[in-house]
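*Asks:* My questions all concern the structure below.
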Amino acid sequence: MRKSLVAGNWKMYKTPRESIEFVKVLKDSVKVYSDRDILICPPFTSLVPVSDILKGTPIKLGAQNVFFEEEGAFTGEISTRMLKDTGVSYIICGHSERRNIFMETDEIVNKKVKKIISSGITAILCVGEKLEEREKGNTFNVIERQIEKCLEGIKDTAGVVIAYEPVWAIGTGKNATPEQAEEVHSFIRGLIEKLFGKDFAEKILILYGGSVKPENIDSLMAQKDIDGVLVGGASLKLESFLRIIDYKK
Ligand code: PEP
């Protein structure tokens, strides 16, 4: 039985003060579940104050990005060591916004995944096809290429969570149907089995992301291979994030 994960990706929203206000209420309102973990990934500037508030609560802390070097002359970048020191236990990598706006390639994402897991942090590896790739019938090829390249040279998936995020569903209000998502999730689990063996395929968490909201969370979580969600917009509002955390299977 896999423990599910409900993760909020705040992207470039909320100042430290706004983040503090939000998590203070979140920690007092959230229900504790033994079958699911809760994670928030605020902007870097909010990590330290949010981490202090989350101490002793069941809510985990994650970062949205990292550089793959340990330290050095890399202006504007941040390392796993710096993030770990703030209390981060997850880092998102390969998000489509990083791939498309900041030109991150599978090779760069692969270096990041390796650095994250060797630092003892869980990597949330995002993969997903663009609309034109889906329309041309290339969804599985794209996902397979991204997973194979981003996990190249990694011996097992113990420190990896995969987030399937169809690019056409991110921030558009247009989510994949539960059946469309399940089809890809089941393909990903099969691919992990092929690459790393049955045991890792059974254990790995595969999250869905792309316009998750209170109205669709229950039907998404009812799917066999959907082990949780990565939520952007709807994680910024307390009421909607709480309802998503409170999903019913
Ligand atoms: C995301 O940022 O990973 C995401 C899925 O965003 P949204 O939920 O807003 O589509």
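The values are calculated or read from the model by the stated rules, or taken from the named source; none is laboratory data. Everything quoted here is computed from the prediction, not taken from an experiment. Every residue, glycine as well, gets a Cβ built from its backbone with ideal geometry; the counts of neighbours run over all protein chains shown.
*Asks:* Name the pairs whose Cβ atoms lie under 7 Å apart, with the first residue in segment 89-100 and over 22 Å from residue 120 (Cα atoms), the second more than 8 Å from the ligand (Cβ to nearest atom) and polar (S, T, N, Q), and 6 or more positions between them or separate chains?
*Replies:* The qualifying pairs are 98/65.
*Asks:* A follow-up question, please. Look at segment 20-41 and say how many of its residues are outside any helix (DSSP H, G or I) and farther than 17 Å from residue 240 by Cβ. Lay out the reasoning, then the answer.
*Replies:* Start the filter on segment 20-41 by keeping residues that are outside any helix (DSSP H, G or I), which leaves 30-41.
Retained after the next criterion (residues that are farther than 17 Å from residue 240 by Cβ): 32-35, 37.
Count: 5.
*Asks:* When only residues in segment 147-186 that are within 11 Å of the ligand (Cβ to nearest atom) and hydroxyl-bearing (Ser, Thr, Tyr) count, which is surrounded by the most Cβ atoms within 10 Å (Cβ to Cβ)?
*Replies:* First pass over segment 147-186, keeping only residues within 11 Å of the ligand (Cβ to nearest atom): 163-176.
Filter once more, so that each one left must be hydroxyl-bearing (Ser, Thr, Tyr): 164, 172.
On the way: 164: 27, 172: 13.
Of everything passing the filter in segment 147-186, 164 is surrounded by the most Cβ atoms within 10 Å (Cβ to Cβ).
*Asks:* If you don't mind, another one. Taking segment 190-214, which residues are touching a Lys or Arg at 6+ places or on another chain (Cβ under 9 Å) and either within 13 Å of residue 244 (Cα to Cα) or not in a helix (DSSP H, G or I) (or both)?
*Replies:* Of everything in segment 190-214, those that are touching a Lys or Arg at 6+ places or on another chain (Cβ under 9 Å) and either within 13 Å of residue 244 (Cα to Cα) or not in a helix (DSSP H, G or I) (or both) turn out to be 204, 205, 206, 210, 211, 213, 214.
*Asks:* Let me ask you something else. Do we find that residue 128 is under 18 Å from the mean Cα position of the chain (by Cα) and over 22 Å from residue 60 (Cβ atoms) in this structure?
*Replies:* Answer is yes for this residue.
*Asks:* Oh, and also: Find all pairs meeting these conditions: Cβ atoms under 7 angstrom apart; at least six residues apart or on different chains; first residue within segment 40-65 and surrounded by fewer than 24 Cβ atoms within 10 Å (Cβ to Cβ); second residue at pLDDT below 95.
*Replies:* 58/32
*Asks:* Also: Does residue 181 satisfy the condition of being more than 30 Å from residue 86 (Cβ to Cβ) and of a type in the set (A, V, I, L, M, F, W, C)? Before the answer, list the steps.
*Replies:* Values: more than 30 Å from residue 86 (Cβ to Cβ): yes; of a type in the set (A, V, I, L, M, F, W, C): yes.
Yes, satisfied.
*Asks:* Here is a follow-up. Pick from segment 215-249 the residues that are within 15 Å of the ligand (Cβ to nearest atom) and part of a loop (DSSP other than H, G, I, E, B): which of them is nearest to the chain's Cα centre (by Cα)?
*Replies:* 232
*Asks:* Starting from segment 153-177, take each residue that is under 19 Å from residue 116 (Cβ atoms) and list its partners that are at pLDDT 95 or above and of a type in the set (S, T, N, Q), counting only C-beta distances under 8 angstrom and pairs at least six apart or across chains.
*Replies:* Cβ pairs passing all conditions: 153/110; 159/122; 160/122; 161/122; 165/96.
*Asks:* Still on this structure: Looking only at helices (runs of 4 or more DSSP H) that lie completely in segment 69-142, which have at least 2 residues being aliphatic (A, V, I, L, M)? Outline the logic, then answer.
*Replies:* Working: elements: 80-85, 96-101, 106-118, 131-135.
The qualifying helices (runs of 4 or more DSSP H) are 80-85, 106-118.
*Asks:* Among what's in segment 1-17 and is surrounded by fewer than 15 Cβ atoms within 10 Å (Cβ to Cβ) and either over 19 Å from the mean Cα position of the chain (by Cα) or away from the ligand (no atom under 16 Å from the Cβ) (or both), pick the residue that is modelled with the lowest pLDDT.
*Replies:* Selected residue: 1.
*Asks:* Identify all residues within segment 191-218 that are of a type in the set (A, V, I, L, M, F, W, C) and either surrounded by fewer than 17 Cβ atoms within 10 Å (Cβ to Cβ) or closer than 17 Å to residue 150 by Cβ (or both); write none if there are none. Quick ask: steps written out before the conclusion?
*Replies:* Taking segment 191-218 as the starting set, the residues that turn out to be of a type in the set (A, V, I, L, M, F, W, C) are 191-192, 195-196, 200-201, 204-207, 212, 217.
Of everything in segment 191-218, those that are of a type in the set (A, V, I, L, M, F, W, C) and either surrounded by fewer than 17 Cβ atoms within 10 Å (Cβ to Cβ) or closer than 17 Å to residue 150 by Cβ (or both) turn out to be 191, 192, 195, 196, 200, 201, 204, 205, 206, 207.
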